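Undergrad: Can you keep this structure in mind? I'll have questions shortly.
The values are calculated or read from the model by the stated rules, or taken from the named source; none is laboratory data. Since we're looking at a predicted model, the values are computed, not measured. What goes into the accessible areas is simple: the full protein's heavy atoms, side chains included, and nothing from ligands, DNA or RNA. Shrake-Rupley method; radii C 1.70, N 1.55, O 1.52, S 1.80 Å.
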Amino acid sequence: MALEEITLTDKIEVIANGSLQIRHRHAIIDTETGEEKAASFHRHVLAPADDVSGECERVKAIAAAVWTDECIAAYQASLPATEPESDATADEPASELSSFQPTSTTATKA
């Protein structure tokens, strides 16, 4: 039995904010029978204007088509403003978390 490990990008999704969600499939195949012996997946997300130099050609082509100047500007505008570093310690709750209130709740019945 001869085994071969293959990796391929099997799913590329464009999210509403322009980010790309990429799924890689890693599989071990018996080359004599074609039977898949094991498989696993790895996912990662690329935000508009991220470096895609290490990605496959399909991801690069989709990023080039989707990440227009307008898309990148809209994505960057949607990010929260960064605040300067504070002297808060790990024991102190972050101010934005201590005042967190859920905006709505959803109840489900089993």
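Undergrad: So what does ASP69 come to for accessible area, using a 1.4 Å probe and Å² rounded to 10?
TA: Surface open to solvent at ASP69 totals about 130 Å².
Undergrad: Follow-up question, since we're still on this one. On full extension of the chain, what length is gained from LYS60 through ALA16, given 0.36 nm per residue of separation minus the C-alpha to C-alpha distance? All intermediate terms of the calculation are to be shown ahead of the outcome.
TA: Numbers: separation 44, 0.36 × 44 = 15.84 nm, distance 1.81 nm.
Result for the pair: 14.0 nm of gain on full extension.
Undergrad: Rank these residues by their accessible area, most exposed first, probe 1.4 Å: ARG58, ARG23. Before the final figure, lay out each step's value.
TA: Numbers: ARG58 130, ARG23 45 Å².
Final ranking, largest accessible area leading: ARG58, ARG23.
Undergrad: Might you work out the accessible area of GLU55 for me, using a 1.4 Å probe with all protein chains in place, and round it to the nearest 10 Å²?
TA: Estimated to the nearest 10 Å², GLU55 gives 30 Å².
Undergrad: So how much accessible area does VAL14 have, in Å² to the nearest 10, using a 1.4 Å probe?
TA: Surface accessible to solvent at VAL14 totals approximately 80 Å².
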